[in-house]
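*Asks:* Input: one structure, supplied below.
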Amino acid sequence: MVKSALSRTTIYILLSLGAVLMLLPFVWMISTSLKAPNEVMAMPPVWVPSEWKFENFTEALKVAPFDRYFINSVIVTIVSTIGELITTILAAYAFSRIQFFGRDIAFAVLLGTMMVPSEVLLIPNFVTLSNLGWIDTYSALIVPWTASVFAIFLLRQYFLGIPKELSFAAKVDGCSEFKFLWYVMAPLAKPALITVELLKVINSWNAFLWPIIVTNSQELRTLPVGLSAFTTEAGIKYELLMAASSMVIFPMLILFFIMQKYIVAGVARTGLKG
Amino acid sequence: MMDKPTWKSTLRAFLYLLPALLILIVFNIYPIIKSFLMSLYTDYDFYNDVVYEYGLSNFSDIFQDPNFIKAIVNTTVFVIGVVPVSIVLSLAIAIMLNSKIKALSFFRTIYFLPFVTSVVAVAIVWGWIFHSDYGLLNYFLGFFGIDPIEWLTDPTYSMPALIILSVWKGLGFNIIIFLAGLQNINKQYYLAAQVDGASAWHRFLSVTIPLLSPTMFFISIISIINAFKVFDEIFALFNGRPGPANSTLTVVYYVYQKFYEEWEFGLASAAAFVLFIIVFLFTLIQLSLGKKFVHYQ
């Protein structure tokens, strides 16, 4: 349809120009992270470092314990994702397969909570966590994020599309309801589950406001929090800052390249942003 | 097998729901009510969890606070700066990507990359690009004879810097949604328009735009709501400050300051409640406008 308005070549040129603009910050980050200090501040800019200083990465690790931050991020991301997976499968099953009193009201109330921005819940949740004595613990970083209305809603929709006859057949064969859920329903919903949990992993890995509020000590910092603190610790050493930023960004880029299909399809289908 | 709810089935469902409900009630539902109540705390002792007095003075206080007014104005400017630009750009890119080009998935991947990356990390990278002496942006602008701009220290340019970063970060998400919307449009409409002799521009205006309106409507709501909640970008771009001379102080940043820096829980909750109302109103306005203008296929 645009064919006659814009020529093929123009489209390719415009798209490539846009792609360059999208990639430029990443290229610049990697390039700076491998430079010697004198090349970092060179004008005109040096695009390819004359000598590749991989030491910048070890140097950054010496200034701040990014290995520790990395492990924290991995723990928080994995545990909260597995937690959400379990609570979501169980709750979505109840909402899609069991008739019970108050079901529609309970579901409507849960959906209603989705309209409230999570930033609004920050203060009361902080108070709850301090009453529980959880401030500055892994529990504070993980437990509140082990259930999501959005994930339950999405999986419930998916479960509703699975034929009911399957559960009748399973019952006749003497399969318990619980086993049926874990060995039949959940595996059938794999595409939906992978999509939901991948977005969960991305959000959890990149989360910032929540972790800076509920943790104080350096030992509990996740990568984004550690990186933010690093801006003052590293001073104006941009090569170290860029090396540290790469360490935060790369794991998600790798995950994205591997699981691209699911992430893109998931966003397109559901339009979810976290 | 399960046509009518019974007490037995209710108990069974409750057991399945228990883990999720426990978390959601404690960390999602209770805090909604608590947040509203806390905005009415005018005299309280947070450490001992005692409230001596309730009232509306937190709301009158924040609306008399020039910083809060500034936060609302800044947030509005941010929304107006980001949302239309992002929608126009992403729609244009999506349309180009949808014109049966080769390497579609290659381009889609690149445009989508920023979406999966940490806001804090990319804001730090952009902070380096915005550097007034050694930053790439000023270097490129130099080619056009533009003098170096103090992007992050001049209050006039801090908001544009924040907007540039946010548009870049959010573009890919909108493109994916627009692409899905475009692919849903039945090709026959274009054929029919072509037979009637409609020009490409005409087809765009009278086929693409109306049929894409549900998607645009959806993206607008999400973009506006997300723009109202901006925080991470600012914190990372301006080293834990809301920009020079509070020039990028937004509503969420104001909540953060009152809450985490000044420990004024009542005022912070009142500001958070105002944020909630704004987001809620926008959703309602968009929903009612949407019904009038949106064409569903």
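*Asks:* Is it the case, given these coordinates, that residue B:149 is surrounded by 17 or more Cβ atoms within 10 Å (Cβ to Cβ), assigned by TED's automatic domain parsing to the domain that holds residue B:248, at negative phi and in contact (Cβ under 8 Å) with a residue 40 or more places away in the chain?
*Replies:* no
*Asks:* Tell me which residues, restricted to the stretch B:21-41, are in a helix (DSSP H, G or I), crowded, with 16+ Cβ neighbours inside 10 Å and aromatic (Phe, Trp, Tyr).
*Replies:* B:27, B:36
*Asks:* I'd like to check something: does the stretch A:97-104 contain any residue that is surrounded by fewer than 17 Cβ atoms within 10 Å (Cβ to Cβ), more than 7 Å from chain B (Cβ to nearest Cβ) and part of a helix (DSSP H, G or I)?
*Replies:* yes
*Asks:* Quick one: which residue in B:188, B:194, B:183 is in contact with a Lys or Arg (Cβ under 9 Å, 6 or more places away or on another chain) and either at negative phi or at pLDDT 90 or above (or both)?
*Replies:* The match here is B:194.
*Asks:* Another question, if that's okay. Would you mention how many residues in the stretch A:35-55 are within 26 Å of residue B:110 (Cβ to Cβ) and away from chain B (no Cβ under 14 Å)?
*Replies:* So the answer is 4.
*Asks:* For the stretch A:144-196, which helices (runs of 4 or more DSSP H) that fit wholly inside it have 2 or more residues that are of a type in the set (Gly, Ala, Ser)?
*Replies:* Result: A:165-172.
*Asks:* If I go through the stretch B:137-162 residue by residue, how many of them are out of contact with any Gly (no Cβ under 9 Å at 6 or more places or on another chain) and more than 23 Å from residue B:230 (Cβ to Cβ)?
*Replies:* So the count comes out to 10.
*Asks:* Which condition number in (1) in a loop (DSSP other than H, G, I, E, B); (2) crowded, with 17+ Cβ neighbours inside 10 Å; (3) of a type outside the set (Gly, Ala, Ser) is the one that residue A:93 fails?
*Replies:* Of everything listed in (1) in a loop (DSSP other than H, G, I, E, B); (2) crowded, with 17+ Cβ neighbours inside 10 Å; (3) of a type outside the set (Gly, Ala, Ser), residue A:93 misses just condition (1).
*Asks:* Residue B:47 is checked against (1) under 30 Å from residue A:25 (Cβ atoms); (2) assigned to a loop (DSSP other than H, G, I, E, B) and fails just one. What number does that condition carry?
*Replies:* Of (1) under 30 Å from residue A:25 (Cβ atoms); (2) assigned to a loop (DSSP other than H, G, I, E, B), only one is false for residue B:47: (1).
*Asks:* With respect to residue A:259, is the statement that it is part of a helix (DSSP H, G or I), within 9 Å of chain B (Cβ to nearest Cβ) and touching a residue at least 60 places away in the same chain (Cβ under 8 Å) true?
*Replies:* Answer is no for this residue.
*Asks:* Let me ask another. What do you reckon, is residue A:32 out of contact with any helix residue (DSSP H, G or I) (no Cβ under 7 Å at 6 or more places or on another chain), in a helix (DSSP H, G or I) and either within 12 Å of chain B (Cβ to nearest Cβ) or at pLDDT below 95 (or both)?
*Replies:* In short, no.
*Asks:* Now for a different question. Could you check the stretch A:29-66 and list, in sequence order, the residues that are crowded, with 16+ Cβ neighbours inside 10 Å and among the basic types (Lys, Arg)?
*Replies:* The answer is A:35, A:53.
*Asks:* Among the residues in the stretch B:197-209, are any within 17 Å of residue B:89 (Cβ to Cβ), part of a helix (DSSP H, G or I), among the hydroxyl-bearing types (Ser, Thr, Tyr) and within 12 Å of another protein chain (Cβ to nearest Cβ)?
*Replies:* Among the residues of the stretch B:197-209, at least one is within 17 Å of residue B:89 (Cβ to Cβ), part of a helix (DSSP H, G or I), among the hydroxyl-bearing types (Ser, Thr, Tyr) and within 12 Å of another protein chain (Cβ to nearest Cβ), which makes the answer yes.
*Asks:* Exactly one condition in (1) within 21 Å of the chain's Cα centre (by Cα); (2) touching a residue at least 12 places away in the same chain (Cβ under 8 Å) is not met by residue A:22; state its number.
*Replies:* (2)
*Asks:* Take the conditions within 9 Å of another protein chain (Cβ to nearest Cβ), in a helix (DSSP H, G or I) and buried (at least 17 other Cβ atoms within 10 Å of the Cβ) and apply them to residue A:88. Does it pass?
*Replies:* yes
*Asks:* Check the stretch A:51-65 and report whether any residue there is in contact (Cβ under 8 Å) with a residue 12 or more places away in the chain, touching a Ser or Thr at 6+ places or on another chain (Cβ under 6 Å) and within 17 Å of residue A:242 (Cα to Cα).
*Replies:* yes
*Asks:* Hey, another quick one. Could you grab me the full set of residues in the stretch B:116-131 that are among the aromatic types (Phe, Trp, Tyr) and more than 8 Å from chain A (Cβ to nearest Cβ)?
*Replies:* Result: B:130, single match.
*Asks:* While we're looking at this one, here's another question. (1) under 21 Å from the mean Cα position of the chain (by Cα); (2) surrounded by 14 or more Cβ atoms within 10 Å (Cβ to Cβ): which one isn't true of residue A:71, the others all being true?
*Replies:* (2)
*Asks:* Same structure again: When the stretch B:99-115 is examined, which residues are found to be facing chain A (nearest Cβ under 7 Å) and outside any helix (DSSP H, G or I)?
*Replies:* B:99, B:101
The values are calculated or read from the model by the stated rules, or taken from the named source; none is laboratory data. Nothing here was measured: the structure is a model prediction, and the numbers come from that model. Here Cβ is always computed from backbone atoms with ideal geometry, including for glycine, and neighbour counts include all displayed protein chains.
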